[in-house]
Every structure is written in structure tokens, then in C-alpha cells.
Amino acid sequence: MSRAFPLAGLLRLRHLRQDAAAAELAGANARASAHGARQNAARGELQQTTSEVATAAALSAMAAARSSARSMLAELEAVSQQNRVQQDQAQTVFNEARAGSVRLEKLAAKHAELVAAELLHSEQTVLDEIAVTAWHRDRDRGPDSGPNRGRGSDRESDRGPDRESDRESARETGRGLDREKT
């Protein structure tokens, strides 16, 4: 059974904060973009106005319209400045949230690597135990109870006890390795 990352709840919380900050940043960018489009449209309309004046009343109306347009452009510029400030703040909040998430993600990755290493170590320990147990069991049975019982007994007795124990040991080691592979 694998161990859970102890800070998993905090990591989920950081991801939620990061998502909220990303949504706020996207909203600020959308507002700034929409406002920029409105500002460009207003400037385009003002450039299309005629500057020919036929009467004094038209001259007075044109002066009033230009003054009104100038104050409208000043207000639009103030709103643009406010949108840029909001964008910068949202970007800062998002960067901080992302940095907090990244730190925890790195810890989670290290934890996962540690758990995987522990799992592999425990599996290897079990395999080693199985191999050692099999080796001891086969060694305790003796040479007459093994799979080569009755074969080549004349040749083995001619070689002497040292060579026989060496051969049996090598055979058992080979069996243990075969069992580890499966």
C-alpha cells in the first residue's frame, strides 16, 4: 500500500488558489482588451468628424463637441490606467500562487519517488527472502533428494566431497536466480 502525500490537501488548496488567480487575471486582461477596443473606436469616430464650419452656431457646437470629446478621452485614459494597474496586481497574485503550487508540486514529486523506491526495496527484500529460503531448503535436503538423484553418482564420488559441494552450491545459486527472474 502506498503512502499518501501528507500535504496533498494543501496542494489542492494551492491549485484552487492558482486557478482563482488565473481566472482573475483572465478577467482583468479581458476588461483591458475590451476597454482598449472602446477607446480605439472613440478615437476613430473623433477623427472622422468634419472640421468645416459654416456658421457661428456650428463653430460653437464644434468647440463644445471637441471639449466633450477631450474630457471623454481623458476619462478613457484614466480607466485604461486603472485597468493596467489591475492587470499588474492580478499578474502578481497569479505569480505568487503559481510559485506556491510549484514548491508543493516538487515536494509531491520527491515524495512519489521516495515511495516508489521504498516499494522497490520491499519487493527486493521479499525476493531475497524467497531465494535464501529456497537455497537453505534445498541444501538441507542433501544431494540424494535433489533433481539429479541417481544420475552420475559414480562420477561425483570420484571427484571428492569438496568438488561435489561446490557443484551443488553453484546449482542452488542458479536455481535461486531463476526464481528471482520469475
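Bear in mind that the values in this text are calculations on the coordinates, not laboratory data. Predicted model only: the values in this text are computed from it and were never measured. Note: ideal-geometry Cβ built from the backbone for every residue, glycine included; neighbour counts use all protein chains shown.
Whole-Hz Karplus ³J(HN,Hα) for region 39-50, in order, using 6.51 cos²θ - 1.76 cosθ + 1.60 and θ = phi - 60°, x for Gly and Pro?
For region 39-50, the Karplus-derived couplings read 5, 5, 5, 5, 5, x, 5, 5, 6, 8, 6, 7 Hz, x marking Gly and Pro.
Does region 8-109 come out rounded, prolate or oblate by the C-alpha gyration tensor, with a ≥ b ≥ c the root eigenvalues, rounded set by a/c under 1.5 and, if not, prolate when a/b is larger than b/c and oblate if not?
prolate
How many angstrom separate the Cα center of region 99-133 from the Cα center of region 25-62?
When both Cα centres are located, 65 Å separates them.
Label-point separation (nm) for Ala63 and Leu120, each offset 7 Å from Cα along Cα-to-Cβ?
It is 8.6 nm.
Working out 0.36 nm times the residue gap between Arg38 and Glu105, then minus their Cα-Cα distance, what length gain in nm do you get to one decimal?
Value of the extension gain: 20.0 nm.
Suppose R0 equals 35 Å; then what is the FRET efficiency for Glu45 and Gln89 from their Cβ-Cβ distance, rounded to the nearest 0.05?
E between Glu45 and Gln89, to the nearest 0.05, is 0.65.
Quote the charge dipole size of region 1-134 about the Cα centre in Debye, to the nearest 20; the model charges only the Cβ of Lys and Arg (+1) and of Asp and Glu (-1).
It works out to roughly 580 debye.
Given 0.36 nm per residue, what is the gain on full extension from Ala22 to Glu52 after removing their alpha carbon distance, in nm?
My answer for the length gained is 5.8 nm.
Which one of Ala90, Ala78, Ala8 is farthest out on the positive end of the charge dipole of region 8-109, using unit charges on Cβ (Lys, Arg +1; Asp, Glu -1) and the Cα centre as origin?
Result: Ala8.
Taking every pair of Cα atoms in region 63-137, average 1/r, invert it to obtain the Kirkwood radius, and report Rg/Rh to two decimals.
The Rg/Rh ratio comes out at 1.74.
Given a Förster radius of 41 Å and the C-beta distance between Ala74 and Leu13 as r, what FRET efficiency does 1/(1 + (r/R0)^6) yield to the nearest 0.05?
E(calc), rounded to 0.05, equals 0.40.
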